[in-house]
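The values are calculated or read from the model by the stated rules, or taken from the named source; none is laboratory data. Just so it is clear, the structure is predicted and the values come from calculations on it, not from any experiment. So basically every Cβ, Gly included, is an ideal-geometry build from the backbone, and we count neighbours across all protein chains shown.
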Amino acid sequence: MAWTTPQTWSAGTLVDAAALNTYLSANMAELAAIVIQQQFENLGTSAITTTSTTDVLVGANFTKAIDIKNNRALIIGSGIFHTAGAGTVIVSLYVNSVLVVELTRSNSSAATPTNVQPFLYQITGLTPGTNQFDLYWRITTGTATLDKTNFPGMFNVREN
Amino acid sequence: MAYTTPVTWVDNTVPDAADLNEQLRDNLNYIHSGRQLFQVYGAIGAGNLTTNSAAYVAVTGYSATFTPQLPSGRILFSLCFNMGASGGTSSLALYLNGVLHKELWNNNSVNSSIPTNRCFVVYQFQSLTINTPNTIALYYLNSGGTATLYRTNEAMVMTGIEF
């Protein structure tokens, strides 16, 4: 199943079975299945930490290759990103290894639900096909933690 | 790109090129990648937004006008924000076409950019008038002090998509 750019019809064109199957059947089926969603999460039993002052991948399960059918995707989620008492945690979205947007920051040391950082971003201008979506982070100084105990964090990339 | 209500075909109708282009090509393209979409993005560090008004006033920049075309008239709206209050209670609301549609948030918490004031809203608009421009906007007030929408350590983002 694949999307085929609908053709422009002209007078005298024979609409045969192949054309209907390509431009009607297959495309309709593709639209019905278009919402592709990938979830990033910490699948381990412990919190994730970093002391990196340059952007690094949050974790092994925070990188997803997604086959985008059109050119738009929505990233949505929240997590408890906290410090050890110093510095600022900075969380960013990379697409195809390129920084797209800084999603959120935290300079709080609270590892509680009062320190949940929600984020939201609509990505446009993607090239249809496989795109790599990665969640990166860094801290200006000290140690950054993505909490696991009180709130595991939920992050989704969804084609729309 | 436009969406046209699908015709009901009857026997002996001969679909010509114009019919196929309108009913097949254009409608498929609209559903695939042409649905109305908007985003207002205030980056981290963009500067805070404040008001001392005790009556709802528009949040500068957070307004989007679009023309839904799908018969459903639905928009899925999402908002990520951080709002505090310095004195009084701060309130945030959705306006649709200039009219108060939904109050989202009341907060009398201390005025500071802290994570406890962060919020995420998902709301579905239904039965919007289609083929007509619609405007969704954020409004805010404070009952007796200052309302602040923070963009210090967080992005303030408003998005919507027709579905």
Quick one: A:Asn61 ticks every box in (1) within 13 Å of chain B (Cβ to nearest Cβ); (2) more than 19 Å from B:Arg118 (Cα to Cα); (3) without any contact (Cβ under 8 Å) to a residue 24 or more places away in the chain; (4) touching a Gly at 6+ places or on another chain (Cβ under 9 Å) bar one, so which box is it?
-> (1)
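Show me the strands (runs of 3 or more DSSP E) found entirely inside segment A:48-101 where at least 1 residues are touching an Asp or Glu at 6+ places or on another chain (Cβ under 7 Å), modelled with pLDDT of 90 or more and crowded, with 19+ Cβ neighbours inside 10 Å.
Output list reads A:73-83, A:89-95.
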Residue check for A:Thr141: in contact with a Gly (Cβ under 6 Å, 6 or more places away or on another chain) and surrounded by fewer than 20 Cβ atoms within 10 Å (Cβ to Cβ) | yes
What do you reckon, is A:Val116 closer than 17 Å to B:Thr152 by Cβ and of a type in the set (Val, Ile, Thr)?
-> yes
Can you find a residue in segment B:18-31 that is within 9 Å of another protein chain (Cβ to nearest Cβ) and part of a loop (DSSP other than H, G, I, E, B)?
-> no
In the list B:Ala58, B:Ala54, B:Ala85, which residue meets the criterion of being more than 14 Å from chain A (Cβ to nearest Cβ) and surrounded by 20 or more Cβ atoms within 10 Å (Cβ to Cβ)?
-> B:Ala85
When segment A:106-120 is examined, which residues are found to be facing chain B (nearest Cβ under 7 Å) and not in a helix (DSSP H, G or I)?
-> A:Ser106, A:Asn107, A:Ser108, A:Val116, A:Gln117, A:Pro118, A:Phe119, A:Leu120
